[in-house]
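The values are calculated or read from the model by the stated rules, or taken from the named source; none is laboratory data. Please read these numbers as outputs of a predicted model, since none were measured by experiment. For neighbour counting, all protein chains shown are included, and Cβ atoms are generated from backbone atoms with ideal geometry for every residue, glycine included.
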Amino acid sequence: MKRIKFPHSYVLFFYIIIFVTVLTYFVPAGSFERSTDENTGITYVLEHSYKVVEQQPVSPFGMFEGILEGMLDAADIIFFVFIVGGAYSIINKTGTLTVFIAHVAHLNQKKGKRLIVFIMIIFSLCGTFLGTAEEALPFYPLFITIALTLGYDSFTGVAMVLLGTGAGFAAGILNPFTTGVAQILADLPLFSGYHFRFLTYLLLLIPSICYVLRYVKKIETNPTASITYTEDQLRNQKLDFNRIPSLENTHKRVLTVIFLSVLFLIYIVTFGEFNTTKMAALFIVMGILSGIVAKLNSSVIATEFIKGSSNIMYGALIIGLARSITMIMKNGYILDSLIFHLASSIEGFGKIGVGIGMFIVQSFINLFIPSGSGQAAAVIPIMKPIGDLTSVSRQTMVLAYQFGDGFSNIISPTSGYFMAALAIGRISWKKWAKWVLPLFLYWTIIGVLLIILSITIQLGPY
């Protein structure tokens, strides 16, 4: 049977752009009236205000203009993503994280299970605070080596990093790429509702750790039960703890900069007014200070910043392409028509049904738009007024988006970084999917229950 090959994400987005342009010729144009709350600055769709307007189809040339308009409209988010990628690259250049993790492994080489718990917590914190996903790929070979050195298997090495980052990323307590982007688009205070997402974080991470530990216990009892037993017999990839670079004062200074930056981020989110500009500034400061205390010269810092920004360009430009879809639909006056008909079709299911429906729709969309920030840019402008019209809070709408985007990243074959992680570990998707499916189903059930809870308690602020 011939394997189905998905087109490049940019090509897929271009097809969608052409499709929505054609739709502007056939879908009846319509418009809602909107009102802006003077106290919060939030713009709401007024219920029962939809009206049909004169058809205004978008021309072929107007379609290409819409692409640029989308890029310009999303410029603040695009450049924010570039800055985060650049700062992360500077930190990675110092070698601090690699050396720190190797030393922790050395200290716990006879306490393997405790080390697994520690590693999963660390990567979950990176996922939930820094939006780490693709950025963890350079660490997979190291943790596969550590897992083999501790007497486990390469599958364990992949699982503890992938599920750790996955749980943290999906919970998104302060994830700039998902929660941050989605809340900006939803006109919510940046990182509001973090208490509820902390509960989500615990409910995803703790069972995930237990799931990995159960597998480890199984292969300790019977090594041949390892999913990668045959492949690991051919590996010569154990860590020589006598050759680990020492944890220098330079590394300690970089760790201090990272720690203080995270503390400052938490403080500002809790007690101050936070926005994209302030957060971008924090990442710039954290990246540059890390380079300075690591004694990197200015040229190296600049080079690494550019390198990190270029590495993340794929996802950053997807945000603009996704926004272009929305702009073309707005220009053709069919966005409000789509919102009206979608809202009309699901409003009979009640608020809980709408919330769960949003989660299901987001999960499906994630198969085709695996970029978290790109997906937010594509769907939040549509889901936002649907939530307003069906009395589902915008905070719950963002939560449904987070779960739909985040959960499937541990099993979706269209997720680039997920498949790259499996490739590094030489693990087939079929083997991984069979093993992780029960955990994925648990995450899904927890997600549904949390959405119901958020609707029941009217999670806000709005």
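Points worth noting:
- Residue 280, sole failed condition from (1) small (Gly, Ala, Ser); (2) in contact (Cβ under 8 Å) with a residue 12 or more places away in the chain; (3) surrounded by fewer than 21 Cβ atoms within 10 Å (Cβ to Cβ); (4) over 30 Å from residue 387 (Cβ atoms): (4)
- If the condition is being outside any helix (DSSP H, G or I), at pLDDT 90 or above and among the small types (Gly, Ala, Ser), then segment 149-178 contributes only 172.
- For segment 321-354, a residue qualifies if it is within 27 Å of the chain's Cα centre (by Cα) and either of a type in the set (Phe, Trp, Tyr) or modelled with pLDDT of 90 or more (or both), and the qualifying residues are 328, 351, 352, 353, 354.
- Residues of segment 421-439 that are within 22 Å of the chain's Cα centre (by Cα) and surrounded by fewer than 15 Cβ atoms within 10 Å (Cβ to Cβ): 423, 429, 437, 438.
- Of all residues in segment 83-96, those satisfying the criterion of being buried (at least 22 other Cβ atoms within 10 Å of the Cβ) and part of a helix (DSSP H, G or I) are 83, 84, 85, 86, 87, 88, 89, 90, 91, 96.
- The set of residues in segment 84-95 that are more than 12 Å from residue 130 (Cα to Cα) and of a type outside the set (S, T, N, Q) comprises 86, 90, 91, 93, 95.
- Any hit, segment 140-159, residues being under 30 Å from residue 451 (Cα atoms) and in contact (Cβ under 8 Å) with a residue 24 or more places away in the chain: yes
- Unmet requirement for residue 302, which otherwise passes all of (1) out of contact with any helix residue (DSSP H, G or I) (no Cβ under 8 Å at 6 or more places or on another chain); (2) assigned to a loop (DSSP other than H, G, I, E, B); (3) not hydroxyl-bearing (Ser, Thr, Tyr): (2)
- Residue in segment 212-226 that is surrounded by 14 or more Cβ atoms within 10 Å (Cβ to Cβ), outside any helix (DSSP H, G or I) and modelled with pLDDT of 90 or more present: yes
- So residue 443, is it closer than 18 Å to residue 141 by Cβ, at pLDDT 85 or above and buried (at least 17 other Cβ atoms within 10 Å of the Cβ): no
- Residues located in segment 97-125, provided they are part of a helix (DSSP H, G or I), more than 18 Å from the chain's Cα centre (by Cα) and polar (S, T, N, Q): 98
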